[in-house]
Every structure is written in C-alpha cells, then in structure tokens.
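Colleague: Quick one: this structure, given as structure tokens, is what I'll be asking you about.
The values are calculated or read from the model by the stated rules, or taken from the named source; none is laboratory data. Everything numeric here is computed off the predicted structure, so don't read it as measured data. Please note: Cβ atoms are built from the backbone with ideal geometry, for glycine as well, and neighbour counts cover all protein chains shown.
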Amino acid sequence: MSGSRALALAALAALAIVPWVLARHQLSLLTDLMIAGLFAMSLDLIMGYTGMVSFGHAAYFGLGAYASALILLHFAQPVPVALLAGAALAGAVAVPVGWLSTRATGIYFAMLTLAFAQFLYTVAYKWRDLTGGSDGIAGVPKTQLFWGGPSLASPNAFYFLVAVCLVLSLVLCRALVRSPFGRALQAIRENERRFTSLGRDARPFKLVVFVIAATFAGLAGALFAPFRGFASPEVMFWVFSGQGLMMVVMGGIGTLVGPIFGAMVFILIQEVLSSYTEHWMIFTGLVFVLIVIFLPGGLVGTARRIVARG
C-alpha cells in the first residue's frame, strides 16, 4: 500500500472517529473548517490548475447559501435537495459570468470576476423581499436526510453530511484534474499561447472549469446556510473571496487537499486570536507573509517536496 493511500485511509478513519471524541463546540468548529475547506478547494480548481485568479469566488458561495436557505425555510425540503439547488444555482449563474470573464486574461479576468461578484452582492443587499437585505435570512433549519428520513438537526448527523460532501467533492475534483481535461487545464496554465498555437481554443476549457468550480463553491454555501442557520450578503463580499485566496496559498496552490488544510489553519488562527484581540487579521496577515516567504509551495506543497527529497 502506498504512503498516500495509507494517509487517505487514516484521514477517513479519523473523520469517522472524531464525532465520538470531540466536545460539541469542537465538532461544530470542525464542521465549519470542512465547509471552508470545500470552498477553498473549489477555488483551487481555477487558480491552481488553470492559472485564473478570481476575486469574486465568494459570490457563488453566497448564491448557494441563499438558494439552500430559501428551499429549507419556505419549502421544508430535505437538506440534499437544498444542496443540489444551491450548487445548481451557482453553476447556472457562473455560465454567463464565466462566458464574459474568460474573454479576458490575467488581471483583467480577475477584475471582471470582482465586478460581477460586487454586482451580485449589491443585488442580494438591495433585494430585501427575497434576501432579507443586510439582515439576511435567519432561522434556516436542518431538515431531514430524505423525505420521511432521519433528521440532520444533531451536530453528529450534520457533521457526517458535510464530511461526505467534502470527501466526494475531493474525489471528483482529483479525478477531474487527472483526466485529459485536467491535463489540458494545466497546459493552459503553463502556456496558454502554446496551447492555442496547437489549434485548441482555451476558452471552452476555462469556461467549463469556471462553472465546475462555482458549482462546488455553491455546494459549500448550501452547507453553510443550514449549519449556521442564516444566509447574508456578507458571505458574498469581496473580503471573503480574498480570504479564500489566502487559504489556497497557505495550503498549497494546485494540490486540492492543500487548500483544505489552508482553510483550517486560517480559521483556527481566526478563532484563537479573535478571542484575544480584535486585530486578529494583522497576525493572520503576518502568518500569511511568513508562509509565502519561507514555504512558497504552501503547507502541503512544501511537505510533498520534503518527502520527495527524503
């Protein structure tokens, strides 16, 4: 058995065991970490494997959260239905946004994603009748796993739902990046002009991965709404997109699992330092700078290089 498979099995075993050994608030924090990890991993698909830096990825997280909240609050559907609705809405909105944004490259692409995200944020902020405006939507329930099935209201039940979503998403993303489509994305990242000179159009590839990444971000947002019990425009703001970029860089760009760890480190730093000072972002920024300087491959990227050398 290879080392990577052994680590994967150990991680799965740990995910299955921790609900029985952690306190309630610790399990809640771990669930929050996994949702953030799913969001960061979705951003790594376009950033790490295609070389497209998005400053508006939080918009799709917010769309997923709102779709999930509305489905659960007003229609009392099972949580998986709300998850599908959140992922589908994010993916559907990403199609026109991606079609327009992928016409540009580099910083122009980044600015277009930011502009569209701010537009969606403004719509959510102003459309009070649907979104609750600045107050958001509160009281989002955790309903059943399926019609007439077990409730997901307990911390353990919802934890396992999030864990399954994260593991399945990681498996699907890993299969995607290892497929011929994924190798084409990496070729675009390395040299888009050379890819185009071979007679291939890069835009359809970039559009498809943009939509896929938005769909996974919407899934993360759809999990966030019932977990936190609310959805608000704040989760669509550009600041959260910036935090997602920091999570990816801290964990390791182009590793998929790295951004998950990066998100966990980022949120743990926030949780610990915010209890001591309201200026916790200063220290988070310092940690980020140190990682960029001394661990340029991120936590996972650096660990892989050390293992390869050994």
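Colleague: Tell me which of these residue 71 doesn't satisfy, since it passes every other one: (1) surrounded by fewer than 24 Cβ atoms within 10 Å (Cβ to Cβ); (2) without any contact (Cβ under 8 Å) to a residue 24 or more places away in the chain; (3) closer than 28 Å to residue 152 by Cα.
Modeller: (1)
Colleague: When you look at residue 215, is it in a helix (DSSP H, G or I) and without any contact (Cβ under 8 Å) to a residue 24 or more places away in the chain, yes or no?
Modeller: Here the answer is no, as residue 215 does not meet what is asked.
Colleague: Another question, then. Considering only residues that are loosely packed, with under 14 Cβ neighbours inside 10 Å, assigned to a helix (DSSP H, G or I) and of a type in the set (Gly, Ala, Ser), which ones fall in the stretch 12-45?
Modeller: Matches in the stretch 12-45: 13, 14, 16.
Colleague: Let me ask something additional. Residue check: is residue 130 in contact (Cβ under 8 Å) with a residue 40 or more places away in the chain, among the hydrophobic types (A, V, I, L, M, F, W, C) and exposed (fewer than 15 other Cβ atoms within 10 Å of the Cβ)?
Modeller: Yes: the conditions hold for residue 130.
Colleague: Any residue in the stretch 5-16 that's closer than 10 Å to residue 163 by Cβ: show its pairings with residues that are surrounded by 12 or more Cβ atoms within 10 Å (Cβ to Cβ) and aliphatic (A, V, I, L, M) at Cβ separation under 6 Å, as long as the two are six or more apart or on different chains.
Modeller: Once the first residue is closer than 10 Å to residue 163 by Cβ and sits in the stretch 5-16, its partners that are surrounded by 12 or more Cβ atoms within 10 Å (Cβ to Cβ) and aliphatic (A, V, I, L, M) give 15/163.
Colleague: Moving on to the next point. What number of residues in the stretch 259-287 are of a type in the set (D, E, K, R) and assigned to a helix (DSSP H, G or I)?
Modeller: Matching residues across the stretch 259-287 total 1.
Colleague: Okay, moving on. With respect to the numbered conditions (1) surrounded by fewer than 19 Cβ atoms within 10 Å (Cβ to Cβ); (2) modelled with pLDDT of 95 or more, which one is the sole condition not fulfilled by residue 182?
Modeller: Result: residue 182 fails condition (1) only.
Colleague: Can we say residue 209 is within 14 Å of residue 52 (Cα to Cα), modelled with pLDDT of 95 or more and of a type outside the set (Asp, Glu)?
Modeller: Spelling it out, residue 209 is indeed within 14 Å of residue 52 (Cα to Cα), modelled with pLDDT of 95 or more and of a type outside the set (Asp, Glu).
Colleague: Going residue by residue through the stretch 187-208, is there one that turns out to be touching a residue at least 12 places away in the same chain (Cβ under 8 Å), within 19 Å of residue 59 (Cβ to Cβ) and not in a helix (DSSP H, G or I)?
Modeller: no
Yes/no per residue for (1) part of a helix (DSSP H, G or I); (2) of a type outside the set (Val, Ile, Thr); (3) free of Cβ contacts under 8 Å to residues at least 60 places away in the same chain:
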| position | (1), (2), (3) |
| --- | --- |
| 134 | yes, yes, no |
| 153 | no, yes, yes |
| 159 | yes, yes, no |
| 164 | yes, no, yes |
| 171 | yes, no, yes |
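Colleague: Next up: So residue 148 fits all but one of (1) surrounded by fewer than 22 Cβ atoms within 10 Å (Cβ to Cβ); (2) in contact with a helix residue (DSSP H, G or I) (Cβ under 9 Å, 6 or more places away or on another chain); what number is the exception?
Modeller: The number of the failed condition is (2).
Colleague: Just one of (1) over 25 Å from residue 79 (Cα atoms); (2) surrounded by fewer than 16 Cβ atoms within 10 Å (Cβ to Cβ); (3) not polar (S, T, N, Q) trips up residue 171, so point out which.
Modeller: (1)
Colleague: Kindly indicate which of 62, 51 is of a type outside the set (S, T, N, Q) and crowded, with 24+ Cβ neighbours inside 10 Å.
Modeller: 62
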